[in-house]
Structures are given as structure tokens and as C-alpha cells.
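Each remark here refers to the structure printed beneath this line.
Just so it is clear, none of the values below were taken in a lab; they were calculated from the coordinates. Everything numeric here is computed off the predicted structure, so don't read it as measured data. In this analysis, Cβ positions are derived from the backbone assuming ideal geometry, glycine residues included, and neighbour counts consider all displayed protein chains.
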Amino acid sequence: MTRARRRPPLLVVAVAAVTVAFFALPLIGLFKRASWATLVDDLTTTESLTALRLSLVCSLSATALSVLFGLPLAWVLARLRFPGRPLVRALVLLPLVLPPVVGGVALLAAFSRRGIVGEHLYDWFGIQLTFTTAGAVLAETFVALPFFVITVEAALRSMNTRYEDVAATLGASRWTVFRRVTLPMIGPSVVAGAVLAWARALGEFGATITFAGNIIGKTQTLPLAVYLALESNPDVAVAMSLVLLAVSLVVIVSLRDRWLERS
């Protein structure tokens, strides 16, 4: 009876195997379609290098903005109680489930030359965000920031606040407590959130092409270059896709232990 109960149900195992195949087959097809003999040449074309450079600039900038603005926001959501906090949290996390194209349309409504904010930015300061590199950074920040906030907020909620209380009792200021106690304790989660935000920003497509366009050298990041090259040069598109796949795989593997610890 004990051995029989320990045997996994064949139907469950079969369904699980089919599910794994569902995820694996597209990746196998991508590897099979890749032109390995010309992979290096495909990745070193002018278009590929320009898109890769722009992707790194935009994604790293979006990550820096996510950390700069997301860390205080995560602290507020985790530590302060105020009316409408669930609504604020839902608003912050909305880009996680919002279709990227809809996010791009929303950004246009807010930050385009006729947007509620963009109109004043252009009239007062001559700043136009649409169809610029800054616009691509803004779009990537919009979709990446929630990943950082939700990761750091969870860490702040789960940490033991007694250490902060002891430091405050000993006369440390709020900034000293945060810098010397809180930040070191949530440091791994801050790094994990930043990595997740960077990976999300690097792979962003819908909001970027809708808000910033697909301009070579200005807004054409790697995902947009893949889309454009898919018709004209499929080998280059597959090669750039492999780069994005490799980055995603590294992120998943590097954060695997943290996800397992939380589970």
C-alpha cells in the first residue's frame, strides 16, 4: 500500500511531460533554425551592434530609474498605513498584467506632445519624449519598475524590524538606520529586483514601439530589431533572439535559489 501510494499517477506525469514539451519545443526549434556557422557575423552586423548598444543603454537606464524611484515606493507600501494603499499598490503593479501596447497608448496619452504632461514639457522646456531614446527609456521603466517594487516590498515586509528598533533606540537617525541596517538586510532582494527589472526592460517590445517608435539608432532596441529583421534577414533575427534567450536563462538560473527559498 505504501509503495503504491508513492507511485506518481501516470496521467499526471504524462500531462506534466506534455507541458514541458510545450515550453521546450519552441526553444528547440529556435536552436535548430539558428545558422551557427554565421552566428558571429550575424551578431556583429551594424544593425545588430547598434540595437544591442541601444538596448543596453536603455535597459540599464530603466533599471537605474527603477531602483531610484522604486526603493522609496516599496518602503512606503511596506511600512506605512494610509487610506488607499491597496489602490496605490494595484496601480503600481498594473503594468505587470497590462498589455504592453495598451501601456504604450497610455504613455502617449500622458507624455506625448499632446499628452497631459508632455504638452507642458514641450511648451515650457522644449522636451519631446516620443520617438526619442529618452522615450524608449521611459517606456521600459514603466514596464520594469513593478518588478523591482514587488520584490523589495516583499523583502521589507518579511524582515525582522527589531534590528531597526534597536538601532533607533541607540540614537541612530532614520537615514542611518536605513543605510546601515535596513538596506544591508534587504540587499539581496534589491539586487534580485534590479536584475528582474533589467531583464524585463531588455525584452520590452510593445510599449516601446508604440510610444517611442522603431527608429534605428534612437529607439530600435534588440526586440524591435528582431521584429524588423524577421522578414528581411531571418538569420540575424534568430541570432539576436538567441542573445535575449541567453540573458533570460541567466537571470532565471541566478535567481532560482531566491525563488526556491521563498517557496
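Structure above, values below:
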item	result
Residue in region 165-174 that is touching a residue at least 60 places away in the same chain (Cβ under 8 Å) and either farther than 30 Å from Lys218 by Cβ or over 20 Å from the mean Cα position of the chain (by Cα) (or both) present	no
Candidates Ala21, Ala74, Ala37, filtered to the one that is among the small types (Gly, Ala, Ser) and closer than 29 Å to Ser189 by Cα	Ala74
Filtered residues of region 175-212 (kept if closer than 30 Å to Thr161 by Cα and within 16 Å of the chain's Cα centre (by Cα))	Ser189, Val190, Val191, Ala192, Gly193, Ala194, Val195, Leu196, Ala197, Trp198
Subset of region 159-216 (residues that are under 25 Å from Ser55 (Cα atoms), among the aliphatic types (A, V, I, L, M) and not in a helix (DSSP H, G or I))	Ala212, Ile215, Ile216
Matching residues, region 207-242, being small (Gly, Ala, Ser), under 13 Å from Ala136 (Cβ atoms) and surrounded by fewer than 19 Cβ atoms within 10 Å (Cβ to Cβ)	Gly213, Gly217
